[in-house]
Amino acid sequence: MGKKLVIVESPAKAKTISKYLGSDFEVLASVGHIRDLADPKEIPAEKKKASASLAKFSIEVENDFEPYYSISPGKAKTVSELKSALKGCDELYLATDEDREGEAIAWHLLEVLKPKVPVRRMVFNEITKDAIQEAANNTRELNDNLVEAQETRRVVDRLVGYEISPVLWRKINRGLSAGRVQSPAMRLIVERERERMAFVSAGYSSITAQLAKDGIDFEAKLLSIGGKRIATSKSFSESGELIQDVLVVEPERAEQLAKSLTGEQLTVLSVEAKPSTRRPYAPFTTSTLQQEGSRRLGLSAKQTMDLAQQLYQEGHITYMRTDSPALSQQAITAARAQATQLFGADSVSDSPRIYGAKSKNAQEAHEAIRPSGESFRHPDELRGSLGGKAIALYELIWRRTVASQMADAKLSTTTVKFAAEAAGEQLELSASGTVVSFKGFLAVYDETREDDDAEQAKLPGLAEGEKLPAQEVIAKSHQTQPPARYTEASLVKALEEKGIGRPSTYAAIISTIISKGYVVKRGNALVPEWISFTVTRFLEENFGNLVDYEFTAKMESDLDRIALGELDRSSWLGQFYFGDDGLKSLVESLGDSDPRLINTFEIGDGIALRTGKYGPYIEVEEEGERRIVNIPEGLTPDQLTHEKAVELINTPPVEDRILGQDPETGHDIIVKDGRYGPYVQVVDGSAKPKTASLFKSMSPATVSFEEAVKLLSLPRVIGEDPESGQVISAQNGKYGPYLKKGVDSRSLSSEEQIFEISLEEAIEIYKQPKYGARRTAATPLREFGEDPASGLNVVAKTGQFGDYVTDGVINATIPKDEPLDELSNDRAFELLAIRREKLGVEPGEKPKTASKKRR
């Protein structure tokens with residue numbers, strides 16, 4: 001038998017799969033896509049002349065939207081190695097993921113490698129010995145519809161990005177971007193903040209009596225006074241108006257009633273018990289896994305997907321990108337068997353539970369996310385081999401899958417009504433409690449954390465007419481709260497419910513809007529920055545369809561229909577771009593607009609907020625002159641009320657505070673809080689006085705004269721390099737503190753080092769290679785062995801920005817959520833491969849430095 005070449009996406013996947021195939025198979029990795037739409041700069045000049053759209057998008061829109069592809073940066077060596085391996089093989093197996101992206105990678109491999117041997121498409125949903133051998137024996141043809149669907153998405157994303165982003169640069173600011181899914185997601189977050197800004201809080205009071213019987217403490221809440229129900233948070237609209245016929249109890253009256261009710265007897269009016277059942281949730285899809293990873297484990301969407309990918313590649317779970325909650329017969333049998341073994345036959349549902357998806361799309365071929373294999377491995381079996389977060393996610397998946405085939409939980413909710421009299425008023429109170437009479441699936445997957453009212457305090461046995469004394473009565477004043485901001489979990493849920501994008505892309509979308517500065521995370525909440533208000537408003541007014549939820553959902557549905565072969569790619573793209581309301585005509589019909597107006601938000605009474613190059617600020621006119629008031633860092637949009645704006649304007653600016661006289665010139669040194677941050681300045685009357693920015697650890701209100709003098713003395717000469725004779729200095733710059741020796745600069749780890757670093761320490765830093773392990777511990781923190789791609793030894797070190805892995809040529813930061821002691825060798829190699837791809841270099845090749853042009 002001849003040699004067979006199997007190509008998968010990642011080195012980790014290749015390593016696992018190679019264990020399950022015979023010696024006649026060679027398994028190599030493409031490390032993701034090897035080819036993508038070219039950067040327009042790379043396209044030959046003669047081709048650009050022939051097609052303006054090719055020069056602009058790398059897509060010939062007039063030629064059936066034909067894309068122009070090129071080998072991705074850093075992938076030339078990978079392609080060369082794959083071609084070389086293919087020469088010695090009799091068959092090629094394309095074993096990339098079984099979804100749109102995987103099918104496209106397989107197609108690009110086929111296009112680039114141009115094999116002259118039989119080609120087989122090998123697909124699998126889990127990486128187990130049986131599944132891999134089954135896939136190798138049952139291959140199929142490439143799915144052209146899936147390839148077209150992925151290519152259409154890529155073309156649409158390029159058209160949207162390259163048409164609208166330049167408009168945003170011209171009208172608002174450079175560096176801004178728009179996207180097919182990114183922009184509607186951002187609009188959701190902005191709209192929620194708008195709701196919070198428009199929200200008017202209303203006040204109401206509650207009264208709670210503490211009761212006890214048979215050693216059981218419980219509480220009863222006031223329902224009505226004189227037969228009229230009292231107000232709760234649901235009694236008010238978002239504008240603070242009362243929308244129910246209820247009684248609003250003022251705080252003083254509530255306190256009076258509570259005082260009067262304390263020690264009084266409460267008489268049981270009625271006792272009502274209602275049985276209920278709870279069904280288990282369906283097994284995980286990509287979306288629900290991201291939601292639960294956030295809610296239960298505190299993981300971001302990206303962290304959840306990264307961990308799930310690790311679990312999949314190591315053979316522990318099935319494929320993690322799926323919209324289907326369905327289980328195979330094998331998985332149903334395994335889940336029922338494990339539930340029976342652990343919790344008894346009574347814990348399993350009478351018949352297998354079958355779960356179906358809400359909508360049909362191209363990702364439906366996959367199963368739900370579940371433990372792999374014919375029999376699931378208990379989490380305890382993997383605790384020694386997986387890191388803490390990875391095992392926590394595996395256990396969540398295992399519990400959800402086993403629970404999905406278990407019996408309903410049976411509960412009983414008891415509600416007791418009480419009558420009482422206080423301060424001459426007839427009061428009615430209520431207490432309720434829920435007990436679980438049969439755990440069923442709750443034995444393995446306790447859902448009570450998701451629903452606050454799922455398991456309430458247990459009540460003692462009570463009978464009508466029975467009396468209990470109110471031991472303590474508490475009155476509380478409340479304010480209605482604005483709608484909660486989106487978290488990653490709730491945003492994922494909202495996007496899926498609205499049909500925007502696909503769950504497999506949500507982690508990347510959330511990461512994008514955060515990394516681009518549109519949104520910031522405060523705790524778990526996603527808070528929009530002011531620039532996202534500007535961009536969203538501009539898109540709403542000029543490209544409404546792009547941020548319209550229904551239009552975006554229909555677009556997503558159409559793209560799915562292309563994947564199913566139900567819609568023609570060419571005609572759909574033609575309508576999207578060239579149609580009467582198409583993207584091209586929208587951009588061309590865009591009229592002139594005043595960038596100043598686009599970036600302005602009226603707060604009231606002549607106060608305006610503007611978004612500028614360096615962030616938001618308040619602009620006011622005083623005596624005919626324009627004054628800028630900086631927005632304090634951390635002040636969220638909903639907190640910038642008119643009252644707060646007035647307060648900021650009226651706050652005396654911490655500037656022009658004289659610190660003392662400059663020892664060299666005798667001129668005053670003052671501290672100012674400027675547009676680009678606080679700084680100190682020598683007031684010498686010149687057009688360009690000497691200035692120096694404050695360190696991040698300093699404040700305009702507390703900076704001292706001595707500190708100001710030191711700042712103004714920069715750059716600090718440390719000494720001469722004994723080898724070259726060049727002066728080494730320490731200074732602060734746009735990108736932070738650094739050393740300078742001629743044209744060679746090296747970053748420092750903190751601003752304080754500018755004044756503290758010695759000549760010996762500076763020389764030691766310069767001894768480190770420019771692209772190596774500078775500012776690191778003398779010995780590596782960990783060793784990972786030889787990188788299969790570069791052949792270089794890989795170690796972990798620590799630097800200015802935290803821990804990183806390096807092969808001595810390329811450094812790759814280790815994500816903060818991935819503990820170093822849990823980092824596998826394959827993951828270290830993968831981080832370096834990702835970094836090389838971003839830099840556009842081959843394994844073993846140094847990053848290219850920008851050369852300075854001679855004037």
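Numbers below:
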| read-out | value |
| --- | --- |
| Some residue of segment 111-134 being open to solvent by less than 10 Å² (accessible area, probe 1.4 Å) and over 24 Å from residue 19 (Cα atoms) | no |
| Odd one out for residue 279, checked against (1) farther than 29 Å from residue 145 by Cβ; (2) touching a strand residue (DSSP E or B) at 6+ places or on another chain (Cβ under 7 Å) | (2) |
| Test for residue 618: is it under 20 Å from residue 533 (Cβ atoms) and either of a type in the set (Val, Ile, Thr) or not in a strand (DSSP E or B) (or both) | yes |
| Qualifying residues in segment 721-743 (those that are surrounded by 13 or more Cβ atoms within 10 Å (Cβ to Cβ), in contact (Cβ under 8 Å) with a residue 24 or more places away in the chain and of a type outside the set (Lys, Arg)) - the one nearest to residue 679 (Cα to Cα) | 732 |
| Members of segment 226-237 found to be crowded, with 16+ Cβ neighbours inside 10 Å and either assigned to a loop (DSSP other than H, G, I, E, B) or touching a helix residue (DSSP H, G or I) at 6+ places or on another chain (Cβ under 7 Å) (or both), listed by number | 231 |
| Residues satisfying the stated conditions in segment 751-769, i.e. part of a loop (DSSP other than H, G, I, E, B), open to solvent by 40 Å² or more (accessible area, probe 1.4 Å) and either at pLDDT below 85 or among the β-branched types (Val, Ile, Thr) (or both) | 768, 769 |
| Residue within segment 67-86 that is part of a loop (DSSP other than H, G, I, E, B), of a type in the set (A, V, I, L, M) and surrounded by 15 or more Cβ atoms within 10 Å (Cβ to Cβ) present | no |
| Yes/no for residue 299 being at pLDDT 95 or above and over 26 Å from residue 200 (Cα atoms) | no |
| Candidate set: segment 243-269, residues that are open to solvent by less than 80 Å² (accessible area, probe 1.4 Å) and in a strand (DSSP E or B); chosen: the one nearest to residue 193 (Cα to Cα) | 247 |
| For residue 259: the one exception among (1) touching a residue at least 40 places away in the same chain (Cβ under 8 Å); (2) closer than 20 Å to residue 370 by Cα | (2) |
| Among residues of segment 95-134, those that are more than 30 Å from the chain's Cα centre (by Cα) and either at pLDDT 95 or above or not hydroxyl-bearing (Ser, Thr, Tyr) (or both), counted | 20 |
| Residue 36 being touching a helix residue (DSSP H, G or I) at 6+ places or on another chain (Cβ under 9 Å), on the phi > 0 side of the Ramachandran plot and either outside any loop (DSSP other than H, G, I, E, B) or surrounded by fewer than 18 Cβ atoms within 10 Å (Cβ to Cβ) (or both) | no |
| Odd one out for residue 577 among (1) part of a loop (DSSP other than H, G, I, E, B); (2) more than 29 Å from residue 198 (Cβ to Cβ) | (1) |
| Top-ranked residue of segment 15-24 - restricted to ones that are outside any loop (DSSP other than H, G, I, E, B) and open to solvent by 40 Å² or more (accessible area, probe 1.4 Å), ranked as modelled with the lowest pLDDT | 15 |
| Residue match in segment 52-65 (condition: of a type outside the set (A, V, I, L, M, F, W, C), over 23 Å from residue 835 (Cα atoms), part of a helix (DSSP H, G or I) and at pLDDT below 95) | yes |
| Residues (in contact with an Asp or Glu (Cβ under 9 Å, 6 or more places away or on another chain) and open to solvent by 60 Å² or more (accessible area, probe 1.4 Å)) located in segment 597-626 | 606, 626 |
| Some residue of segment 804-824 being among the acidic types (Asp, Glu), at pLDDT 80 or above and either buried (at least 18 other Cβ atoms within 10 Å of the Cβ) or not in a loop (DSSP other than H, G, I, E, B) (or both) | yes |
| Residue tally, condition in contact (Cβ under 8 Å) with a residue 12 or more places away in the chain, open to solvent by 40 Å² or more (accessible area, probe 1.4 Å) and assigned to a loop (DSSP other than H, G, I, E, B), over segment 382-431 | 2 |
| Any hit, segment 706-715, residues being modelled with pLDDT under 90 and not hydroxyl-bearing (Ser, Thr, Tyr) | no |
| Single condition residue 589 does not satisfy, out of (1) under 20 Å from residue 537 (Cα atoms); (2) surrounded by 13 or more Cβ atoms within 10 Å (Cβ to Cβ); (3) among the polar types (S, T, N, Q) | (2) |
| Test result for residue 293, touching a Leu at 6+ places or on another chain (Cβ under 8 Å), small (Gly, Ala, Ser) and open to solvent by less than 50 Å² (accessible area, probe 1.4 Å) | yes |
| Selected residue [in contact with a helix residue (DSSP H, G or I) (Cβ under 8 Å, 6 or more places away or on another chain) and of a type in the set (Val, Ile, Thr)] from 277, 286, 267, 262 | 286 |
| Search result, residues across segment 460-509 that are touching a helix residue (DSSP H, G or I) at 6+ places or on another chain (Cβ under 7 Å), of a type in the set (Asp, Glu) and either part of a loop (DSSP other than H, G, I, E, B) or open to solvent by less than 40 Å² (accessible area, probe 1.4 Å) (or both) | 488 |
| Matching residues in segment 371-381 - criterion: being surrounded by fewer than 15 Cβ atoms within 10 Å (Cβ to Cβ) and either in contact with an Asp or Glu (Cβ under 7 Å, 6 or more places away or on another chain) or touching a residue at least 40 places away in the same chain (Cβ under 8 Å) (or both) | 374, 375 |
| The one condition in (1) open to solvent by 40 Å² or more (accessible area, probe 1.4 Å); (2) farther than 25 Å from residue 482 by Cβ; (3) of a type outside the set (A, V, I, L, M, F, W, C); (4) in contact with a Phe, Trp or Tyr (Cβ under 9 Å, 6 or more places away or on another chain) that residue 280 fails to fulfil | (1) |
| In segment 164-205, the residues that are assigned to a helix (DSSP H, G or I) and open to solvent by less than 10 Å² (accessible area, probe 1.4 Å) | 164, 167, 168, 183, 184, 185, 186, 188, 189, 190, 193 |
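Residue-wise test of (1) in a loop (DSSP other than H, G, I, E, B); (2) over 18 Å from residue 157 (Cβ atoms); (3) touching a residue at least 60 places away in the same chain (Cβ under 8 Å); (4) in contact with a Cys (Cβ under 9 Å, 6 or more places away or on another chain).
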residue: 7; (1), (2), (3), (4): no, yes, yes, no
residue: 13; (1), (2), (3), (4): no, yes, yes, no
residue: 46; (1), (2), (3), (4): no, yes, no, no
residue: 117; (1), (2), (3), (4): yes, yes, no, yes
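The values are calculated or read from the model by the stated rules, or taken from the named source; none is laboratory data. Please read all numbers here as calculations on a predicted model, not as lab measurements. Please note: Cβ atoms are built from the backbone with ideal geometry, for glycine as well, and neighbour counts cover all protein chains shown. For accessibility, only protein heavy atoms count, side chains too; no ligands or nucleic acids. Shrake-Rupley method; radii C 1.70, N 1.55, O 1.52, S 1.80 Å.
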